[in-house]
Amino acid sequence: MREKVMISVIVPVYNAEQYLRKCVDSILTQSYPNLEVILVDDGSTDTSGNICDGYQSNDARVRVLHKINGGNTSARKAGLESAVGEYVAFVDSDDWIAQGMYEQLMSLAQRYHTDIVESSWYLDYGYTCVVKESSLSPGLYEHGKNYQVLIDNLMRMDGKGRRPVAYSLCNKLLRRDVIYEIMRNENTVLQYGEDAICIYQMVLKSTRIYVTESAFYHYRMHGDSITHKRDDKYFTKINEFFLEAKRILAAYPEYKGTLMPQLGLQMAQMAIKGLSETFDFGIDVYFPAYIMPEMEIPKGSRIILYGAGRVGKDFYRSLNDSGNYRLVAWLDGNAEPCRKNGSVIEPPEAIREYEFDYVILAALRESTAESMRGTLDRMGIDRDKMVWIKPREVLQVKNPD
């Protein structure tokens, strides 16, 4: 019987003693049989290096590289230089993966001869997991057929904060010869957006990408991972990111008219974010992505807002700021993690507790709005009270004619 293709799993490790065993165990217990696991100890000062050595002593599939601390990108590059697998996967040392991840992703990679297989993933808060996914429908995307949708939306998020290809290496199975050429030349000086720069190149160099809605990868959301911290070098970092992205895109002149406007929009969003997070102005600087269109709703009406994605957040601010309506409730199907963080968002079923005149459906696409209508239909809500008009994008990227 022909031996299965090898997957090299690279784990950068830095002071992760609290989480490392769960991470490595989740890899070693995968059902896919032909793995090598490369643990790159990036100059840890705790017991992480010793834990890595213990795994190497007890499992022939594990190899350990000890190096001077150089950061996550440096550790990944070191692991990639040592990898021998035809396919490569990355796992961060404080995260873990679900059983069957590599067997299922490899099955898709071989069936469709892909350069990349991307799966959905989990944001794990400890008390709950939130599933995140691509903005694309599941399936194969290949040059000469339907690949252009990846290029047209490479740097754009939809109304739910989703991209076609996530800016992460960890929820993917990657053909080694594609990722190796990219990472070998990656700028290790970058301190911001390294994964995004890598993803841009992967999409531009690849010819076949498969997107599956199955979720396997668990990103551990630490308490301080969502805390904004002052960074006096933020604008220097995003300037370096811009220059590197511009350099990369220059190698693809055929996409200049599509990608440079997207990059400009992304930089504008980063700059506004920096005003709020880097400088202490004493005000909340917010950059809306979507504007709520004019709706034929009488002023003073009691409004329920349904949807808490990016469109919903922009609508919520708009409704509060306008003073034209009385906002009585804000609903979303994924309300539970928001409520645990003190949010006012409630599940759709809470609509029965309120008196209202209209429900505004905060959705970018009509298909999403129709799904919301279906949920409300099942609760007996009159469709005449449901209002949806396509939101207008603040800075809409338009391809040249």
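Residues of segment 360-384 being small (Gly, Ala, Ser), part of a loop (DSSP other than H, G, I, E, B) and buried (at least 19 other Cβ atoms within 10 Å of the Cβ), which ones? Steps first, please.
Initial filter on segment 360-384 (small (Gly, Ala, Ser)): 362-363, 367, 369, 371, 374, 380.
When the remaining residues are screened for being part of a loop (DSSP other than H, G, I, E, B), the result is 362-363, 380.
Listed by number, the residues that qualify are Ala362, Ala363.
Do we have Glu240 as modelled with pLDDT of 85 or more, more than 20 Å from Val203 (Cα to Cα), of a type outside the set (S, T, N, Q) and assigned to a helix (DSSP H, G or I) here?
On the way: modelled with pLDDT of 85 or more: yes; more than 20 Å from Val203 (Cα to Cα): yes; of a type outside the set (S, T, N, Q): yes; assigned to a helix (DSSP H, G or I): yes.
Considered against the rule, which asks whether it is modelled with pLDDT of 85 or more, more than 20 Å from Val203 (Cα to Cα), of a type outside the set (S, T, N, Q) and assigned to a helix (DSSP H, G or I), Glu240 comes out as yes.
Taking segment 205-230 as the region of interest, how many residues are loosely packed, with under 15 Cβ neighbours inside 10 Å and either in contact with a Leu (Cβ under 8 Å, 6 or more places away or on another chain) or at pLDDT below 85 (or both)?
The number of residues fulfilling the criteria is 9.
Could you list all residues from segment 46-81 that are modelled with pLDDT of 95 or more and polar (S, T, N, Q)?
Thr47, Ser48, Asn50, Gln56, Ser57, Asn58
When the residues of segment 363-387 are narrowed to those that are of a type outside the set (D, E, K, R) and under 27 Å from the mean Cα position of the chain (by Cα), which ends up modelled with the lowest pLDDT?
Kept after step one, since they are of a type outside the set (D, E, K, R), are these residues of segment 363-387: 363-364, 367-369, 371-372, 374-376, 379-381, 386-387.
Add one more test, that the residue is under 27 Å from the mean Cα position of the chain (by Cα), and what stays is 363-364, 367-369, 371-372, 375.
Details: Ala363: 89, Leu364: 83, Ser367: 86, Thr368: 87, Ala369: 90, Ser371: 91, Met372: 92, Thr375: 93.
By that ranking, first place goes to Leu364.
Looking at (1) modelled with pLDDT under 95; (2) under 28 Å from Ala369 (Cα atoms), find the lone condition where Tyr141 falls short.
Exception for Tyr141: condition (1).
Can we say Asn146 is outside the structural domain of Lys233 (by TED's automatic domain parsing), surrounded by fewer than 18 Cβ atoms within 10 Å (Cβ to Cβ) and among the polar types (S, T, N, Q)? Full working, then the answer.
Values: outside the structural domain of Lys233 (by TED's automatic domain parsing): yes; surrounded by fewer than 18 Cβ atoms within 10 Å (Cβ to Cβ): yes; among the polar types (S, T, N, Q): yes.
Yes.
Asp124: within 23 Å of Ile38 (Cβ to Cβ), surrounded by 15 or more Cβ atoms within 10 Å (Cβ to Cβ) and of a type outside the set (A, V, I, L, M, F, W, C), yes or no? Step through it out loud before you land on a result.
Details: within 23 Å of Ile38 (Cβ to Cβ): no; surrounded by 15 or more Cβ atoms within 10 Å (Cβ to Cβ): yes; of a type outside the set (A, V, I, L, M, F, W, C): yes.
It is false that Asp124 is within 23 Å of Ile38 (Cβ to Cβ), surrounded by 15 or more Cβ atoms within 10 Å (Cβ to Cβ) and of a type outside the set (A, V, I, L, M, F, W, C).
Take the residues in segment 149-169 that are within 19 Å of Ala215 (Cα to Cα) and surrounded by fewer than 18 Cβ atoms within 10 Å (Cβ to Cβ); name whichever of them is modelled with the highest pLDDT. Don't jump to the end; show me each part of the working.
Narrowing segment 149-169 to residues within 19 Å of Ala215 (Cα to Cα): 160-169.
Then drop every residue that is not surrounded by fewer than 18 Cβ atoms within 10 Å (Cβ to Cβ), which leaves 161, 167.
On the way: Gly161: 72, Tyr167: 90.
Taking the candidates together, the pick is Tyr167.
Among the residues of segment 111-138, write down those that are under 17 Å from Ala215 (Cα atoms) and modelled with pLDDT of 95 or more.
Ile116, Val117, Glu118, Ser119 - these are the residues of segment 111-138 that are under 17 Å from Ala215 (Cα atoms) and modelled with pLDDT of 95 or more.
Could you grab me the full set of residues in segment 190-210 that are of a type in the set (D, E, K, R) and not in a helix (DSSP H, G or I)? Write out each step before concluding.
Here is the first cut: in segment 190-210, the ones of a type in the set (D, E, K, R) are 194-195, 205, 208.
The answer is Arg208, and nothing else.
The values are calculated or read from the model by the stated rules, or taken from the named source; none is laboratory data. Everything quoted here is computed from the prediction, not taken from an experiment. Quick reminder, even Gly has a Cβ in these numbers, built from the backbone with ideal geometry, and neighbours come from all protein chains shown.
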